[in-house]
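Take a look at the structure below.
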Amino acid sequence: MEQHFQKKFNHLKELCSQKGLRLTHQRTEVLRELASAKDHPSAETLYSRVKGRVPAISLDTVYRTLGTFMDLGLAAKVPVDGDLGRFDGDVSPHHHVVCVCCGAIRDFIWDEVSCGELPAEVTDWCHVTDTQVIVRGICRDCKGSDS
Ligand SMILES: [Zn+2]
Ligand SMILES: [Zn+2]
């Protein structure tokens with residue numbers, strides 16, 4: 001994971017100098033946390049994790065930093081509804097499966113869909129830039145506890 005962060009960090013450093021953005025300590029720490037998170041954290045979750053190392057950071061800064069990262073293509077928002085927004089430090093093509101009980105989100109790869117052909121209704125109507133599937137269900141942990 002540290003390696004993943006290092007790659008992202010170098011990318012961020014490059015983008016910041018290109019775009020004239022300051023590579024602040026706070027931005028670096030938000031990126032470190034997001035790059036190492038596997039659970040698609042919300043801004044609030046990231047905030048509470050980063051705050052341990054950077055007590056001066058505010059929730060607002062975390063939101064704005066995430067917005068900047070998304071503009072730069074370093075982060076993505078997971079398109080789940082009924083949520084304040086969950087963030088992904090992995091912007092490579094993948095899909096998500098969401099537990100409707102506890103809100104856990106997991107990644108999965110589905111090449112048949114990612115590389116497959118879409119119906120003409122879609123391709124006639126727009127130029128497709130990416131395809132992302134959200135699968136909803138009840139995870140094993142949640143199912144186990146109520147049955
Ligand atoms: Zn669950
Ligand atoms: Zn993901």
Exercise. Within the stretch 71-83, is even one residue away from ligand 1 (no atom under 16 Å from the Cβ), of a type in the set (D, E, K, R), over 13 Å from the mean Cα position of the chain (by Cα) and not in a strand (DSSP E or B)?
Worked result: yes
Exercise. Does residue 51 qualify as being over 30 Å from residue 143 (Cα atoms), surrounded by 14 or more Cβ atoms within 10 Å (Cβ to Cβ), more than 16 Å from ligand 1 (Cβ to nearest atom) and modelled with pLDDT of 95 or more?
Worked result: yes
For this session: State yes or no: is residue 2 more than 16 Å from residue 107 (Cα to Cα) and at pLDDT below 90?
Result: yes
Seminar exercise, completed: Restricting the stretch 84-93 to residues that are touching a residue at least 24 places away in the same chain (Cβ under 8 Å) and surrounded by 14 or more Cβ atoms within 10 Å (Cβ to Cβ), the one nearest to residue 111 (Cα to Cα) turns out to be 93
Seminar exercise, completed: Result of the Cβ filter at 8 Å on the stretch 98-109, keeping first residues that are in the same structural domain as residue 142 (by TED's automatic domain parsing) and partners that are within 7 Å of ligand 1 (Cβ to nearest atom) and assigned to a loop (DSSP other than H, G, I, E, B), at least 6 apart or interchain, is 98/104; 99/138; 99/139; 100/138; 101/138; 101/139; 102/139; 104/139
Problem set entry | Selected residue (criterion: nearest to residue 91 (Cα to Cα)) from residues of the stretch 11-55 that are in contact (Cβ under 8 Å) with a residue 12 or more places away in the chain and of a type in the set (Gly, Ala, Ser) | 35
Problem set entry | Residue match in the stretch 61-79 (condition: more than 16 Å from ligand 2 (Cβ to nearest atom), exposed (fewer than 12 other Cβ atoms within 10 Å of the Cβ), in the same structural domain as residue 12 (by TED's automatic domain parsing) and among the aliphatic types (A, V, I, L, M)) | no
Exercise. Is the stretch 62-69 home to any residue that is of a type in the set (Val, Ile, Thr), within 24 Å of residue 6 (Cα to Cα), modelled with pLDDT under 95 and not in a helix (DSSP H, G or I)?
Worked result: no
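The values are calculated or read from the model by the stated rules, or taken from the named source; none is laboratory data. What you are looking at is a predicted structure, and each value in this text was computed from that prediction instead of being measured. Quick reminder, even Gly has a Cβ in these numbers, built from the backbone with ideal geometry, and neighbours come from all protein chains shown.
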